[in-house]
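The values are calculated or read from the model by the stated rules, or taken from the named source; none is laboratory data. What you see is a predicted model; the values in this text were computed from it and never measured. We place every Cβ from the backbone using ideal geometry, glycine too, and count neighbours over all the protein chains shown.
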Amino acid sequence: MGRAPPPQPTSHPHVVVATLQTLNAKFSNERNEYEFLADFKLVVFDEAHRSIAPTATSVMQEIGLTRWQRNDEPFLIGLTATPYRGHDEDETKRLVRRYGSKRLDSGAFASNDPEKVIGELQDMGVLARANQEIITGGTFRLNPEDRREIEKFMRGSDEIQNLLAWLPRSAEDRIASDSERTKRIIRAYETHVKPDWPTLVFATSVEHAQTVAALLNREGIMSRAVSGTTEAMTRRRVVEKFRNGDIKALVNYDVFREGFDAPKTRAIIVARPVYSPNLYFQMIGRGLRGPRNNGSDRCLILNVHDNIENFDKALAFSDLEWLWT
């Protein structure tokens, strides 16, 4: 919808597909042209775990969805693979209330416990089972600049407001420049990943993605690095080669957490410190497509375990022993 002409009101069945960011911008700058969206009868919110963030709330109000959930409001459906807000129970309850405390999958599984649901989906072959290997990372400390950046994030909005998902960019850059850490990642790949396994690597910076891809190529493993700065057409071409098996290791920074589908992905390397359970599951979910989703029975997850001495948050994978066993 971003570059397309504004959608026009019509009496015929009408579907508008748009990103949250585009809608927010349109309502802010061109409200009169988009007011008719409030007359729609159905709203489907993908990645629904984001839908209680301030921007999402503002857009929903513009299209007639309020916290009072009046009878004349559009019908709201939320879709997400991570229907919770990290470890924050109050935020999760808010998310549940946004959808009238109703679950479309209610009664579909023997238990509503997330761990048991995942186990049942694995038994059905919908999800792959996961094996884990730990890669020793590095030991680091946050400096005053990092601390100021964290404080700014915590005063921010949307996903960062209640949960710091990543370390500040300045800290990530220092972690990415640790050459011994990078060498251990390469050695772990050679030790644990079989030559024919399509592997998705989440790097710590743009430069780190490029370095890891170059080192893997030097070892004879066909690899490419992509990031948010990669031209869209080039990225699509690289992804297609990865899906076709021409590229064995796709090394990325800050992309492919959502909206990326390569069911044959057989290994995931999480080389970026991740503190949000939601984002971590979105990342490893790229490799958890089971046989019934054209994926594999198992996926290998390699987690880099960094030690940030003066940071009291645990890496997201450290609380998932149940998933590996």
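The set of residues in the range 70-97 being without any contact (Cβ under 8 Å) to a residue 12 or more places away in the chain and either in contact with a Leu (Cβ under 8 Å, 6 or more places away or on another chain) or more than 27 Å from Ala38 (Cα to Cα) (or both) consists of Glu73, Glu89, Asp90.
Residues in the range 70-92 that are surrounded by 14 or more Cβ atoms within 10 Å (Cβ to Cβ) and at pLDDT 80 or above: Glu73, Pro74, Leu76, Ile77, Gly78, Thr80.
Output the residues belonging to the range 209-242 that are more than 21 Å from Gly287 (Cα to Cα) and in a helix (DSSP H, G or I). Write out each step before concluding.
Pass one, the range 209-242, residues more than 21 Å from Gly287 (Cα to Cα): 210-211, 214-215, 217-220, 229-234.
Gln210, Thr211, Ala214, Leu215, Asn217, Arg218, Ala232, Met233, Thr234, listed by residue number.
Restricting attention to the range 302-325, and to residues there that are in a strand (DSSP E or B), among the hydrophobic types (A, V, I, L, M, F, W, C) and out of contact with any Gly (no Cβ under 7 Å at 6 or more places or on another chain), which single residue is surrounded by the most Cβ atoms within 10 Å (Cβ to Cβ)? Spell out the reasoning first.
From the range 302-325, those in a strand (DSSP E or B) are 302-308; that's our starting set.
Still in the running and among the hydrophobic types (A, V, I, L, M, F, W, C): 302, 304, 308.
The next check asks that each one be out of contact with any Gly (no Cβ under 7 Å at 6 or more places or on another chain); those that pass are 302, 308.
Values: Leu302: 22, Ile308: 20.
Only one residue fits best here, namely Leu302.
All conditions in (1) at pLDDT below 95; (2) more than 22 Å from the chain's Cα centre (by Cα) hold for Met233, with the sole exception of (2).
This table checks each residue for (1) on the phi > 0 side of the Ramachandran plot; (2) modelled with pLDDT of 95 or more; (3) in a helix (DSSP H, G or I); (4) buried (at least 17 other Cβ atoms within 10 Å of the Cβ).
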position: Gly156; (1), (2), (3), (4): no, no, no, no
position: Leu163; (1), (2), (3), (4): no, no, no, yes
position: Ser170; (1), (2), (3), (4): no, no, yes, no
position: Glu190; (1), (2), (3), (4): no, yes, yes, no
position: Pro195; (1), (2), (3), (4): no, no, no, no
position: Glu207; (1), (2), (3), (4): no, yes, yes, no
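Quickly run through the range 121-141 and pick out the residues that are over 27 Å from Arg187 (Cβ atoms) and buried (at least 16 other Cβ atoms within 10 Å of the Cβ). Leu121, Gln122, Val126, Leu127, listed by residue number.
Only one residue in Thr55, Thr19 is closer than 24 Å to Glu91 by Cβ, in contact with a helix residue (DSSP H, G or I) (Cβ under 9 Å, 6 or more places away or on another chain) and modelled with pLDDT of 80 or more. Which one? Let's see the steps before the verdict.
On the way: Thr19 fails: in contact with a helix residue (DSSP H, G or I) (Cβ under 9 Å, 6 or more places away or on another chain).
Result of the check over Thr55, Thr19: Thr55.
Name the residue, out of Ile268, Ile247, that is more than 17 Å from Ala188 (Cβ to Cβ) and at pLDDT 95 or above. Working first, answer last.
Details: Ile268 fails: more than 17 Å from Ala188 (Cβ to Cβ).
That would be Ile247, the only listed residue that is more than 17 Å from Ala188 (Cβ to Cβ) and at pLDDT 95 or above.
What residue, among those in the range 98-144 that are without any contact (Cβ under 8 Å) to a residue 60 or more places away in the chain and polar (S, T, N, Q), is nearest to Arg67 (Cα to Cα)?
Filtering the range 98-144 for residues without any contact (Cβ under 8 Å) to a residue 60 or more places away in the chain gives 98-114, 116-117, 119-120, 123, 143-144.
The next check asks that each one be polar (S, T, N, Q); those that pass are 101, 106, 111-112, 143.
Working: Ser101: 12, Ser106: 22, Ser111: 29, Asn112: 25, Asn143: 41 Å.
Of everything passing the filter in the range 98-144, Ser101 is nearest to Arg67 (Cα to Cα).
The number of residues in the range 243-298 that are in a loop (DSSP other than H, G, I, E, B) and touching a Cys at 6+ places or on another chain (Cβ under 8 Å) comes to 3.
From the list Asn303, Asn294, which residue is at positive phi, of a type outside the set (Phe, Trp, Tyr) and touching a residue at least 24 places away in the same chain (Cβ under 8 Å)? Don't jump to the end; show me each part of the working.
Values: Asn303 fails: at positive phi.
Just one listed residue meets the conditions, Asn294.
Looking only at the range 55-77, decide whether some residue is of a type outside the set (Phe, Trp, Tyr), in the same structural domain as Asn24 (by TED's automatic domain parsing) and in a strand (DSSP E or B). Within the range 55-77, one or more residues are of a type outside the set (Phe, Trp, Tyr), in the same structural domain as Asn24 (by TED's automatic domain parsing) and in a strand (DSSP E or B).
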